[in-house]
Amino acid sequence: RKDSFDRLLLYNAKDAAATQQVWDRISVELGTWGDVHNGEVLYDDLRRGSEISAGMREYGILVHTKNLARHHTRLTNRVAYAQRQVRDVARRWKIAGSATFNPGSPEQLTALFYHRLGAQPSHFSLLTGAPSVDEEALTRLVLAPKTAVAECARAVLRYRRSVKLLGFVRSLDEHTNGGRTPLHAEGRCWGTKTGRWAYKDPNLTTIPKPRTRRGANGQVITTFPGLRDCIKARRGFKLIEVDYSQLELRIVALLSGDQTLLGWYRDDVDVHTENAKRWFHSETPTNSERDLAKRLVYGMNYGGGAETLWKTLGVDFPGLFLSDIERLMTCWYMDHPQIRMYQQRLLRIAATEDYVEAPLSGRREKFYGQVEPTKVYNFPIQATGADIIDAALARIAPRLERTKAAVVLQVHDSLLVESHASVIGATIEILREEMERPVALGKATIRFPVDVKVGPTWGEVVKV
């Protein structure tokens with residue numbers, strides 16, 4: 001053991017010495033590199049984020065063993081059921097070999113859709129040159145005019161979603177020895193161009209949350225349990241989830257100067273419900289209508305065209321026509337012309353300067369002569385969101401060091417904090433104070449409110 005420890009000390013000493021030599025060079029050049037605008041400031045932010053991430057990883061997260069086992073059993077059965085569904089659809093359309101059809105085989109899927117059913121491929125594999133059966137291709141096939149093609153594609157997508165969830169549960173099991181040891185996932189504050197964090201071993205940014213809807217009597221009905229109840233608090237502690245409310249759409253309102261949106265947020269109006277009211281001519285839009293309005297708005301803000309959005313939304317909203325999407329997009333831009341002008345302004349900047357920039361940090365997305373509209377629209381929004389939550393995290397982490405609380409995860413627009421039950425109130429006060437601190441952007445200043453939820457597991461947190 002001593003020999004191993006001595007070797008580890010020597011390795012760390014060499015690693016630190018090499019890092020210092022590299023830093024002596026980089027620290028001089030960061031401020032002068034043409035490709036690294038605002039390089040020194042951004043690098044300092046990354047170093048600070050890496051230190052916080054290392055502390056979070058060392059602290060770790062507990063996994064709820066019973067819930068993990070329950071999800072494993074449920075999803076194993078769900079995968080088997082989804083596989084039977086695919087085979088039943090294939091049998092109903094009298095497709096040869098349906099009894100032994102394997103929906104996990106790309107070769108069999110290619111033969112099914114493009115040879116037996118005669119579907120038209122949307123694109124081809126770069127590796128094999130064969131017609132693609134990836135998620136994008138299957139999503140397009142869901143909207144195919146042939147009923148057999150659409151039904152088979154929808155069944156295969158359901159199967160893949162179940163397999164993906166089961167794979168995530170198995171990954172949690174593997175990294176925690178069946179839930180017997182804490183989870184020490186690696187958070188990477190440098191993992192994306194926009195500044196959003198990425199996770200490795202396992203990827204916790206993809207862990208699905210529960211989905212609910214309200215029944216006829218107002219009761220909350222869980223339509224999808226999610227997997228977040230696999231993450232639990234230590235004995236005597238609670239988990240606090242602090243989530244920015246509609247952060248990206250508020251950023252769009254601020255960057256574009258859209259007075260209608262800014263007014264709605266100032267008056268605490270539910271934007272998605274308000275859009276659904278206007279679009280569907282109803283004072284009481286359904287949950288499905290509100291969800292469609294929400295997803296459509298976010299798709300438009302990221303530059304999605306009518307056909308792209310139709311193909312994406314058609315999987316979850318059967319009966320939705322391309323003409324419906326076109327009508328709703330027209331309504332949105334008529335109500336919010338400043339957003340359209342903002343997007344066009346971004347395109348002009350990207351075409352002339354060959355980059356777009358996040359206004360808070362100066363982080364840039366360069367295009368090298370190939371301007372992609374979706375990246376032009378997406379980058380300033382997501383990068384600004386990352387700048388806001390990263391700055392809040394940098395203020396929160398040192399304040400919590402002096403309490404019985406710690407940040408355990410940073411996922412998209414939210415923080416997950418573990419706090420001792422005796423200091424829950426004080427911890428929430430710190431989180432609200434730092435995350436809702438007003439942000440100056442251009443000539444305007446705006447406060448980004450947060451929703452706070454508390455519970456024994458991440459999946460059982462309740463708004464307070």
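The values are calculated or read from the model by the stated rules, or taken from the named source; none is laboratory data. None of these values were measured; they are calculated from a predicted model. Here Cβ is always computed from backbone atoms with ideal geometry, including for glycine, and neighbour counts include all displayed protein chains. When the accessible area is computed, the model is the full protein with side chains, heavy atoms only, and any ligands, DNA or RNA have been set aside. Shrake-Rupley method; radii C 1.70, N 1.55, O 1.52, S 1.80 Å.
Observations
- When ARG250, ARG278 are checked against the criterion of being touching a strand residue (DSSP E or B) at 6+ places or on another chain (Cβ under 9 Å), of a type in the set (Lys, Arg) and either in contact (Cβ under 8 Å) with a residue 40 or more places away in the chain or crowded, with 18+ Cβ neighbours inside 10 Å (or both), ARG250 stands alone in meeting it.
- The listed residue being open to solvent by less than 40 Å² (accessible area, probe 1.4 Å) and either under 27 Å from ALA155 (Cβ atoms) or touching a Pro at 6+ places or on another chain (Cβ under 6 Å) (or both), out of LEU309, LEU328: LEU309
- ARG345, sole failed condition from (1) on the phi > 0 side of the Ramachandran plot; (2) in a helix (DSSP H, G or I): (1)
- Pick from segment 365-390, criterion in a helix (DSSP H, G or I) and of a type in the set (Ser, Thr, Tyr), ranking: surrounded by the most Cβ atoms within 10 Å (Cβ to Cβ): THR384
- Only residues that are farther than 17 Å from ALA391 by Cβ and not hydrophobic (A, V, I, L, M, F, W, C) were counted across segment 405-433, and they come to 7.
- For segment 65-87, the tally of residues that are open to solvent by less than 50 Å² (accessible area, probe 1.4 Å) and either within 24 Å of the chain's Cα centre (by Cα) or basic (Lys, Arg) (or both) stands at 5.
- Residues located in segment 396-413, provided they are basic (Lys, Arg) and in a helix (DSSP H, G or I): ARG399
- Extreme residue, least open to solvent (accessible area, probe 1.4 Å), among residues of segment 124-182 that are within 23 Å of the chain's Cα centre (by Cα) and hydroxyl-bearing (Ser, Thr, Tyr): SER162
- Within segment 61-84, the presence of a residue that is modelled with pLDDT under 90, in contact with a helix residue (DSSP H, G or I) (Cβ under 9 Å, 6 or more places away or on another chain) and either within 22 Å of ALA137 (Cα to Cα) or of a type in the set (A, V, I, L, M) (or both) is excluded.
- Every residue from segment 335-354 that is in contact (Cβ under 8 Å) with a residue 24 or more places away in the chain and either polar (S, T, N, Q) or touching a Lys or Arg at 6+ places or on another chain (Cβ under 9 Å) (or both): ASP335, GLN338, GLN343, ALA350
- Selection within segment 279-331: residues that are of a type in the set (Gly, Ala, Ser) and part of a loop (DSSP other than H, G, I, E, B). The member of this set that is farthest from GLU248 (Cα to Cα) is GLY319.
- Qualifying position, being part of a strand (DSSP E or B), touching a residue at least 40 places away in the same chain (Cβ under 8 Å), closer than 29 Å to TYR302 by Cα and in contact with a Leu (Cβ under 9 Å, 6 or more places away or on another chain), among LEU393, LEU416, LEU360: LEU416
- Among residues of segment 95-118 that are touching a residue at least 12 places away in the same chain (Cβ under 8 Å), those with a beta-carbon under 6 Å from a residue that is open to solvent by less than 30 Å² (accessible area, probe 1.4 Å) and part of a loop (DSSP other than H, G, I, E, B) at least six positions away or on a different chain give the pairs PRO106/VAL133; LEU109/VAL133; THR110/VAL133; PHE113/ALA119; ARG116/ILE95.
- Which numbered condition THR284 misses (of (1) more than 23 Å from SER414 (Cβ to Cβ); (2) free of Cβ contacts under 8 Å to residues at least 60 places away in the same chain; (3) buried (at least 17 other Cβ atoms within 10 Å of the Cβ)): (3)
- Condition check for MET341: among the hydrophobic types (A, V, I, L, M, F, W, C), more than 27 Å from ARG158 (Cβ to Cβ) and exposed (fewer than 13 other Cβ atoms within 10 Å of the Cβ): no
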